[in-house]
1. Please state the charge dipole magnitude for the range 3-298, taken about the Cα centre, from unit charges on C-beta atoms (+1 on K and R, -1 on D and E), reported in debye and rounded to the nearest 20.
2. Going by how many other Cβ atoms sit within 10 Å of their own, how do THR165, THR135 line up, fewest first?
3. Given the chain, report the % of alpha carbon pairs whose separation exceeds 26 Å.
4. Net charge around TRP275, counting only other residues with Cβ within less than 15 Å of its Cβ (Lys, Arg = +1; Asp, Glu = -1)?
5. Would you mind checking the pairs LYS22/LYS126; LYS22/LYS172; LYS144/LYS172; LYS144/LYS287; LYS144/LYS282; LYS175/LYS255 and listing those with alpha carbons more than 31 angstrom apart?
6. In a Debye calculation with equal point scatterers on the alpha-carbon sites of the range 7-122 and no solvent, what is log10 I(q)/I(0) at q = 0.20 Å⁻¹?
7. Which Cα, out of ASN86, ALA273, ALA168, lies furthest along the positive dipole direction of the chain (beta carbon charges, K/R +1, D/E -1)?
8. Taking the Cβ of each residue in CYS146, CYS192 as the centre, tally the other Cβ atoms inside 10 Å and list the residues starting with the fewest.
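Computed from the coordinates by the stated procedures, all read-outs in this text should not be read as laboratory data. A quick note: this is a predicted structure, and the numbers were derived from the prediction, not measured. Backbone-built Cβ (ideal geometry, glycine too); neighbour counts: all protein chains shown.
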Amino acid sequence: MDYQEIIEEVYHQVQQENLRGKVATYIPELADIHPEQFGIALVDLNGNVFGVGDYQMTFSIQSISKVHTLTMVFHKFNTQLWYRVNVEPSGNPFNSIAQLEYEKGIPRNPFINAGALVITDALCSKYEQPTKQITDFINEISGKNCVAINQAVKDSEKNHGERNTALAYFLKSYKNFDNPVEEVLDVYFSHCAMEMNCVDLAKSFSFLANDGYSIFANRQILSESHARRVNAIMLTCGFYDEAGEFAYRVGMPGKSGVGGGVAAVMPHKFSIAVWSPELNEKGNSVKAIRALELLTDKLSFSLF
């Protein structure tokens, strides 16, 4: 399988289609990103890297970091975690307060904002320096020191974080929040403001394509059973209220971020990261989703 040739074909076809969207503006610092940047990096299970376009440019991974934080607490809480957060697709915007109230403070899944805040709260309960330990963990599974927190992006999110603050206090009112709200929010904004390039992001997802084993960290990150479950949550919940369409069009477990990135895995084959800042109305990268759809069309194998 010539992955380099395939991703180059995908890249050029997407460029020719000239798909357009809008960069995220509700985080002002992201509004200034050059909209036409576009990169793809694919990493196979031998650690070989294939890339095209702006795949070495760093970008804000935003909600993609929610997969990393979920991984960090998955085995520490085991079944107890799933009393605090469900694993169902939301069918609503990622920052919905109405849904959280309707379901009495139990978020639909770990990837909507309310669910990710519960996961971050759990991290704050288990780790003395959660932000540093999230960074260290991502660096480990990427195989190098590649993570930086963009302070300007973090401050921008914090200064416009009223909805997340409301969600956190809502969770606390339902006794589903153990730590001080401001402390948890600081960690949450920090991991959403982390920057990586497509290569390192794809490497950080490699263990999910490899039954939980990271070839870059040289250790088992999750059990095979837990890795399958994280992949299942990504497939059904990784793209908010567009998750069903992504599963239908692409059919790979993945996670998007409003910075324009998408990380995905083909179990037992490869991990991939695609980045392009312009988003559709659901908050997912227009070019990234199209690129992954074309990729799975061109491959001779599928998840299904």
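1. Numbers: 26 positive and 34 negative charges, 148 e Å.
Here the size comes out at about 720 debye.
2. Values: THR165 14, THR135 20.
Going from least to most buried by this count: THR165, THR135.
3. Summing the P(r) of the chain above 26 Å gives 38 percent of all pairs.
4. -1
5. LYS22/LYS126; LYS22/LYS172; LYS144/LYS172; LYS144/LYS282
6. Calculated log10 I(q)/I(0) at the listed q: -1.10.
7. Toward the positive end, the furthest listed residue is ASN86.
8. If I rank by nearby Cβ atoms, fewest first, I get CYS146, CYS192.
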